[in-house]
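A.B. asks: Structure in structure tokens, see below.
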Amino acid sequence: MEYLKINLEEINANIERACARAGRSRDEVTLIGVTKTIDEPAINASIQYGVTDIAENKVQEITRKYDNIHKGVKWHLIGHLQTNKVKYIIDKVDLIHSLDSFKLAEEIDKRAAQHGKVMEVLIQINVVDEESKFGIPRSEVMSLLEEVSKLQHIKVAGLMNIAPFYDDPEMARRDFKVMKQLFDTLKDTTFDNVEMKYLSMGMTGDYEVAVEEGANLLRVGTGIYGARDYSK
């Protein structure tokens, strides 16, 4: 699977250059391999080539693949999470990117307590208020943080955004700037169980712009693993 090595070398070089343009250190940015529809041998090969974090959109994909993936990798759940599915992944994932309601936060807190852990989550922000996108409006962030801060087994560790698809990645820059401004503003909050560490934004088509605008978690799938086979 030499193509994985070649793809990763190119992506890492692009990240390095984007960091240099932004005056950032490459060490600040984590590349997450999005493994939706990708089989376990390719995932494991990418881990051997240096991928330390992998992400899935669906709970059932995590539960199906989990035991066959090399240990030591960090797991991310980046897709919409239903409350009735939390129990299946709470002991498997390291970071949930898609918190979008207090009801979901309560369920994560409850299930994390059962496993004696504190679950780190990101609040998903719908920057452009697209009806087709999950996430909450910026105007609701503070009230959600206040509610979540009262829970004991969940910690808000940052923000996540899925930008609309643009033919020109430069079109996503405005959305990323808005996210970074919100992220920086929330760093000054003093809620319990809230620490703005991670800004998750940028995918295959726009990750370089995301780096330039302050992202430190990049979710790249097609760029690493190739075009998706959605028949799987």
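A.B. asks: Filter segment 212-232 down to residues that are at negative phi and either modelled with pLDDT under 95 or touching a Cys at 6+ places or on another chain (Cβ under 6 Å) (or both), then give me how many there are.
C.D. replies: The number of residues fulfilling the criteria is 6.
A.B. asks: Look at LYS92 and say whether it is under 25 Å from ASN14 (Cα atoms) and under 16 Å from the mean Cα position of the chain (by Cα).
C.D. replies: no
A.B. asks: For residues in segment 13-43 being touching a strand residue (DSSP E or B) at 6+ places or on another chain (Cβ under 7 Å) and part of a helix (DSSP H, G or I), which is nearest to THR222 (Cα to Cα)?
C.D. replies: ILE43
A.B. asks: What do you reckon, is VAL209 in contact with a Pro (Cβ under 7 Å, 6 or more places away or on another chain) and of a type in the set (A, V, I, L, M, F, W, C)?
C.D. replies: yes
A.B. asks: Same structure again: For segment 101-140, which residues satisfy the criterion of being within 18 Å of VAL178 (Cα to Cα), out of contact with any helix residue (DSSP H, G or I) (no Cβ under 7 Å at 6 or more places or on another chain) and not in a strand (DSSP E or B)?
C.D. replies: ASN126, ASP129, GLU130, LYS133, PHE134, GLY135, PRO137, SER139, GLU140
Residue-by-condition table, conditions (1) charged (D, E, K, R); (2) more than 24 Å from SER101 (Cβ to Cβ); (3) assigned to a strand (DSSP E or B):
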{"site": "LEU151", "(1), (2), (3)": "no, no, no"}
{"site": "LEU159", "(1), (2), (3)": "no, no, yes"}
{"site": "ASP167", "(1), (2), (3)": "yes, yes, no"}
{"site": "GLY205", "(1), (2), (3)": "no, yes, no"}
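A.B. asks: A follow-up question, please. When you check LEU81 against the structure, is it under 15 Å from the mean Cα position of the chain (by Cα), crowded, with 16+ Cβ neighbours inside 10 Å and without any contact (Cβ under 8 Å) to a residue 60 or more places away in the chain, yes or no?
C.D. replies: When the stated conditions are applied, LEU81 passes them.
A.B. asks: Going by the conditions given, is LEU151 of a type outside the set (Ser, Thr, Tyr), more than 19 Å from the chain's Cα centre (by Cα) and buried (at least 20 other Cβ atoms within 10 Å of the Cβ)?
C.D. replies: For LEU151, the condition - of a type outside the set (Ser, Thr, Tyr), more than 19 Å from the chain's Cα centre (by Cα) and buried (at least 20 other Cβ atoms within 10 Å of the Cβ) - is met.
A.B. asks: Is it the case that TYR198 is closer than 24 Å to VAL86 by Cβ and buried (at least 18 other Cβ atoms within 10 Å of the Cβ)?
C.D. replies: Considered against the rule, which asks whether it is closer than 24 Å to VAL86 by Cβ and buried (at least 18 other Cβ atoms within 10 Å of the Cβ), TYR198 comes out as yes.
A.B. asks: Here is a check on your reading of the model: is ARG64 within 26 Å of PHE134 (Cα to Cα), over 19 Å from the mean Cα position of the chain (by Cα), part of a helix (DSSP H, G or I) and of a type in the set (D, E, K, R)?
C.D. replies: Considered against the rule, which asks whether it is within 26 Å of PHE134 (Cα to Cα), over 19 Å from the mean Cα position of the chain (by Cα), part of a helix (DSSP H, G or I) and of a type in the set (D, E, K, R), ARG64 comes out as yes.
The values are calculated or read from the model by the stated rules, or taken from the named source; none is laboratory data. Small disclaimer: the values here were computed from a predicted structure and weren't measured. We place every Cβ from the backbone using ideal geometry, glycine too, and count neighbours over all the protein chains shown.
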